[in-house]
Amino acid sequence: MLSKKTLPAGMARHSNPQYSAEMASSGEILVKELDKRASGQAFEVILAPDAKGEIPLPPPKEKKEMSLEEIQKKLEAAEERRKSHEAEVLKHLAEKREHEKEVLKKAMEENNNFSKTAEEKLNQKMEANKENRTARMAALNEKFKEKDKKLEEVRKAKETKPEGEN
């Protein structure tokens, strides 16, 4: 069974017939024509399996013996990194809390300003309504006083007229 493989990393697809001929002659590649159509041709390119096979892995490096002092230094460095990271996290959290406090304070100030503005507008409207009501009441009182004067004048005129003229 022939295996289909993609081109290796360093090998580019070439349209150069000389390059293709070299590979075909060396036995590294086999080209099999599949279809011939009006829209084009289809080929299957079969590469020969690697002659070398799998590359053996180098043996693992032997770890050198570490002295107690080196181990202690590494532990201290790790502890220092841990403390530094913890301090950084705490600093970040403190900044976040401070930002939240500022946002909350700003929201409260805006709410208080809105409340004060709304209260001032309401007081202005109530004052304007009170003034309008007072003005209307004064106008009505004036109107009624005028009517009372006219009525009084009519009564006096009626009383002063002799009885026979009615």
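Here the range 77-161 is assigned +1 on the Cβ of each Lys and Arg and -1 on the Cβ of each Asp and Glu. Its dipole about the Cα centre then comes out at about 1040 debye.
From the Cα gyration tensor of the range 71-150, with a ≥ b ≥ c the square roots of its eigenvalues, which class applies: rounded if a/c is under 1.5, or else prolate if a/b is larger than b/c, or else oblate?
Working: a/c = 20.89, a/b = 17.31, b/c = 1.21.
Because a/c hits 1.5 or more and a/b exceeds b/c, the range 71-150 counts as prolate.
Here's the list of lysines a cross-link from residue 91 could span, going by alpha-carbon distance under 20 Å and ignoring same-chain residues fewer than 8 apart: 83, 101.
Taking neighbour counts of Cβ atoms within 10 Å as a proxy for exposure, in what order, fewest first, do 39, 84 appear? Spell out each step's value before the answer.
Numbers: 39 7, 84 10.
Ranked by crowding around the Cβ, least crowded first: 39, 84.
Every read-out reported here was derived from the displayed coordinates using simple, explicitly stated rules and does not represent laboratory data. Everything numeric here is computed off the predicted structure, so don't read it as measured data. When we count neighbours, we look across all protein chains shown, and the Cβ atoms used for this are built from the backbone with ideal geometry, even at glycine.
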